[in-house]
Amino acid sequence: MARKCMAAAALVLLCAASAQAARWSLETDEQGRSLLQEAKSPNCTRIDAHCSKCRNQRIPGTRRSELVCSTCDSGYRLRRDGISKTCDCAPGLAMDANKNCQPCSKGNFCLGGDATVNPTNAESTCPDGLETTFAGAKSQAQCFTKPGYGRTAAKGSDGKVSLAGVVCDIATYNVGSNTAGCQKCGAGLTTATNRSDSASDCQAPAGSYMDKGIGKLCQKGTYSTALNTNANCIPCPDGITTAAEGSTTAAACSLALKGYYIDSVNSTNAIKCPLDTYQDQEAAVTSCTPCDHAWKTKETGATGPALCLAPPGFELKDGATNITACAAGSYKADWNRNPCVECGTGLITKEAGSVSKDACLVPAGYGLTSLSPMVAAPCERNTYGDSVDRAAVANARCTACPADMFTMDTLETRTRNSNEYYTSEAACLVKPGWGTTATLPQECPVGTYNEGKNRLPCHHCGTGWTTVAAGKTAESQCVVQAGWKLAADNIPAPCDKGSYSTGGTEVAPNATCTPCATGYSTQEDESVSNEECAVCAPGFGGANCGQCTWGTFASGGAKVGDACAACASGSTSKKGATQSQQCYSTLIDARNDVFNLANEGAWADNAATTGTTCGAACDALDTCVMYKFVVNEAGQGSGKCSLLSEASTPSHTVGFKIGNGDDYSVWGLNQAVGAALDPMPAAAGSANTEALCKEACTSAAECEVYVFTGTTCTLTKSELEQDSISMFHVVGAKLYSDLHP
């Protein structure tokens with residue numbers, strides 16, 4: 001009965017389990033296995049506080065099942081112990097007192113929980129000298145060096161690698177926070193202690209200095225006494241050195257450098273060898289050695305006898321005891337033991353002891369003829385040198401005279417005198433018949449001369465003088481130039497129009513002006529040949545340049561064949577008149593009213609009844625001297641006309657003044673005309689010729705008429721007379737200038 005009951009119960013459980021299984025669904029877990037999952041999630045935290053997913057699992061060998069964890073919370077992992085009921089901490093985490101996983105502390109590392117290795121989920125410490133640099137380190141590999149330590153790795157017999165930290169030795173360092181071993185300092189450097197944690201702890205030891213990260217031994221003449229980072233060692237005092245490199249004390253500075261000696265009073269003081277002495281060792285000497293042969297040193301502190309030299313301008317001659325100055329004409333430029341150098345043939349120096357080739361001079365009046373070898377010679381034959389001694393350079397040659405200029409030796413066709421030197425262009429002279437200009441010399445042109453052998457321009461012969469050709473050499477070769485004559489004062493004067501001159505010759509240097517043929521003239525003054533007498537002279541015209549007739553004039557210069565010009569109507573002129581001003585009105589008024597006659601009965605009545613017709617009647621008669629017209633009392637412009645004719649056998653010569661005496665209308669009468677001047681000018685009283693009588697009238701402003709009887713001269717004028725007028729007649733043939741040419 002009991003068995004039946006147990007069977008029934010088992011059946012019931014089996015049915016329940018089948019019914020329960022029907023409610024489960026198939027699901028793939030995170031490891032890829034297919035797990036049955038209850039449709040409604042159970043409370044997994046009953047298994048472990050950090051189990052996030054769980055399932056029922058049949059207990060092996062039984063028909064029972066139990067709840068197991070399948071997934072832990074983030075930061076946890078399921079312990080692989082076959083039980084699946086414990087959530088361990090993931091790597092980098094460790095379990096705290098509250099059974100919660102926290103990030104691993106900085107300085108340690110956390111491998112994570114493990115049933116065998118770390119069932120307590122505790123942190124692990126790094127080896128001595130190592131530490132992690134952040135929280136959450138997961139393995140020993142993340143243990144980095146502490147400053148002053150290096151990291152080493154060793155592989156055990158089990159094949160696992162273990163790490164260790166080691167203290168950095170002297171001359172090594174590690175800054176820490178890395179996986180490297182201790183770093184060696186640079187060559188020649190060390191540290192003060194072990195466990196150094198910076199490259200800056202690497203320093204140069206005593207006797208050394210630091211150069212670009214390397215320790216180097218102090219050079220001779222320097223020292224250092226302790227660890228340092230200096231770029232240089234401490235120098236010994238000037239002029240003192242050490243016996244070797246790498247000196248570590250100031251006391252090592254004990255030897256005098258070459259060129260120095262130790263002060264006998266103060267061993268830390270070195271003194272340069274004085275001029276003209278030397279010291280050629282590095283030794284503890286207290287004096288220097290004098291130079292041989294009075295040689296000199298260029299500076300103090302000479303380091304050996306090789307620096308004992310002859311200074312510039314000095315030499316040691318063969319067999320001599322001491323050096324001496326270079327002789328004149330030679331030089332020495334440098335500090336050495338060489339002999340002085342000769343300047344060259346013909347070259348000089350200003351004094352002995354010359355120190356440069358530049359001291360070699362070409363003497364005044366000399367020029368270089370060769371540069372190698374250097375040779376100078378006196379300038380001659382149309383060349384010249386400098387006026388002072390000059391440097392012997394390539395262009396210190398003789399300079400050629402300008403074109404067409406010569407030195408005296410050439411001009412006089414001789415050799416240069418021994419004391420004759422040509423030292424400037426002033427020695428270049430022109431030859432006779434030539435002269436200087438602003439540019440080049442030239443042959444003296446016509447009209448000039450120069451005796452030559454000078455630097456003068458050609459001399460001009462003077463106004464009116466010339467030469468018969470170019471290249472003349474003396475003033476005596478100047479002749480009167482063409483178109484000029486030698487005047488009475490022996491001064492040349494130009495030939496006037498109407499004449500010409502062919503000029504003088506060297507045989508007959510003077511000249512005279514030759515008049516053109518009658519009626520002919522030249523266009524200008526200074527004509528030089530008869531061919532220029534090609535125009536009519538003033539007062540001439542027509543086909544053959546004949547004299548202009550009465551009533552015409554010609555001013556001159558007209559072409560042959562051009563007629564003389566006629567005077568204006570109512571005017572006339574003398575023969576040969578030269579200008580229109582010599583054309584005078586044929587009837588000229590008395591200045592007052594009338595010219596009265598001594599014998600009024602000489603008037604001849606004329607039928608003309610007006611002043612105009614009366615004048616025309618007189619003008620028409622060549623013998624009419626003048627007319628008088630008296631107006632009738634009744635007026636109306638009519639009146640009585642009277643004419644005075646020339647006498648056939650006159651006793652008086654009567655001249656009527658034209659203008660201010662420009663000319664006179666001269667007639668023969670038997671009586672005087674006009675009223676005598678009162679007082680009579682003295683010139684009239686002394687005039688015993690008609691010409692003097694005329695001049696007296698011209699000089700007397702009141703005079704209108706001169707009357708000359710052959711022995712006496714009377715000057716007269718017109719008189720006022722109401723209602724009367726008088727005009728004298730002007731006829732070309734009766735003009736004084738025509739009657740007395």
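Please specify each residue of region 267-291 satisfying the condition of being touching a Pro at 6+ places or on another chain (Cβ under 8 Å), more than 12 Å from C308 (Cα to Cα) and hydroxyl-bearing (S, T, Y).
Result: T268, single match.
So is G181 out of contact with any helix residue (DSSP H, G or I) (no Cβ under 8 Å at 6 or more places or on another chain) and at positive phi or not?
In short, no.
Would you mention how many residues in region 612-641 are among the acidic types (D, E), out of contact with any His (no Cβ under 7 Å at 6 or more places or on another chain) and closer than 28 Å to G655 by Cβ? Full working, then the answer.
Kept after step one, since they are among the acidic types (D, E), are these residues of region 612-641: 619, 622, 633.
Now narrow it down to the ones that are out of contact with any His (no Cβ under 7 Å at 6 or more places or on another chain): 622, 633.
From what's left, closer than 28 Å to G655 by Cβ: 622.
Of the residues in that region, 1 qualify.
Helices (runs of 4 or more DSSP H) wholly in region 628-741 with at least 3 residues that are more than 21 Å from Y584 (Cα to Cα) and not assigned by TED's automatic domain parsing to the domain that holds G576 - which ones?
Those helices (runs of 4 or more DSSP H) span 682-686, 690-699.
Just need a number here: residues in region 133-163 that are more than 26 Å from S200 (Cβ to Cβ) and either touching a Phe, Trp or Tyr at 6+ places or on another chain (Cβ under 8 Å) or surrounded by 16 or more Cβ atoms within 10 Å (Cβ to Cβ) (or both).
7
Looking at D723, D663, which is the one that is crowded, with 19+ Cβ neighbours inside 10 Å, charged (D, E, K, R) and in contact (Cβ under 8 Å) with a residue 60 or more places away in the chain?
On the way: D723 fails: crowded, with 19+ Cβ neighbours inside 10 Å.
Exactly one of D723, D663 is crowded, with 19+ Cβ neighbours inside 10 Å, charged (D, E, K, R) and in contact (Cβ under 8 Å) with a residue 60 or more places away in the chain, namely D663.
Which one is nearest to the chain's Cα centre (by Cα) among residues in region 573-610 that are acidic (D, E) and outside any loop (DSSP other than H, G, I, E, B)?
Here the residue is D589.
Determine, yes or no, whether N395 is modelled with pLDDT under 95 and either surrounded by 14 or more Cβ atoms within 10 Å (Cβ to Cβ) or under 38 Å from the mean Cα position of the chain (by Cα) (or both).
yes
I need a count of the residues in region 326-349 that are of a type in the set (F, W, Y) and assigned to a loop (DSSP other than H, G, I, E, B).
Of the residues in that region, 1 qualify.
Quick test of your reading of the structure: A687 fulfils all but one of (1) buried (at least 21 other Cβ atoms within 10 Å of the Cβ); (2) under 22 Å from N592 (Cα atoms). Name the failing condition by number.
All conditions pass for A687, except number (2).
Each row is one residue, and each column tells you yes or no for (1) among the small types (G, A, S); (2) touching a helix residue (DSSP H, G or I) at 6+ places or on another chain (Cβ under 6 Å); (3) farther than 30 Å from D404 by Cα.
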| site | (1), (2), (3) |
| --- | --- |
| F314 | no, no, yes |
| D318 | no, no, yes |
| W335 | no, no, yes |
| C340 | no, no, yes |
| Y366 | no, no, no |
| S372 | yes, no, yes |
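What are the residue pairs meeting all of these: first residue in region 87-116, first residue within 23 Å of L130 (Cα to Cα) and touching a residue at least 40 places away in the same chain (Cβ under 8 Å), second residue of a type in the set (S, T, N, Q) and surrounded by fewer than 21 Cβ atoms within 10 Å (Cβ to Cβ), Cβ atoms under 8 Å, and 6 or more apart or on different chains?
Close Cβ pairs (under 8 Å, with a partner that is of a type in the set (S, T, N, Q) and surrounded by fewer than 21 Cβ atoms within 10 Å (Cβ to Cβ)) amount to P91/S139; L93/Q102.
Inspect all residues belonging to region 371-386 and state whether any of them is in contact with a Gly (Cβ under 7 Å, 6 or more places away or on another chain) and closer than 30 Å to A306 by Cβ.
Scanning region 371-386 turns up no residue that is in contact with a Gly (Cβ under 7 Å, 6 or more places away or on another chain) and closer than 30 Å to A306 by Cβ.
Can you say whether N599 is of a type outside the set (A, V, I, L, M, F, W, C), loosely packed, with under 13 Cβ neighbours inside 10 Å and assigned by TED's automatic domain parsing to the domain that holds L735, as far as the supplied structure shows?
So N599 passes the test.
Only strands (runs of 3 or more DSSP E) wholly contained in region 207-315 count here; list those with 3 or more residues that are within 30 Å of A333 (Cα to Cα). Break it down into steps so the answer makes sense when it comes.
Values: elements: 208-211, 214-217, 260-262, 270-272.
In region 207-315, there are no strands (runs of 3 or more DSSP E) which contain 3 or more residues that are within 30 Å of A333 (Cα to Cα).
Could you look through region 246-258, keep only residues that are in contact with a Phe, Trp or Tyr (Cβ under 7 Å, 6 or more places away or on another chain) and of a type in the set (G, A, S), and pick out the one that is surrounded by the most Cβ atoms within 10 Å (Cβ to Cβ)?
Here the answer is S247.
The values are calculated or read from the model by the stated rules, or taken from the named source; none is laboratory data. Since the model is a prediction, treat every value here as computed from it, not as a measurement. For neighbour counting, all protein chains shown are included, and Cβ atoms are generated from backbone atoms with ideal geometry for every residue, glycine included.
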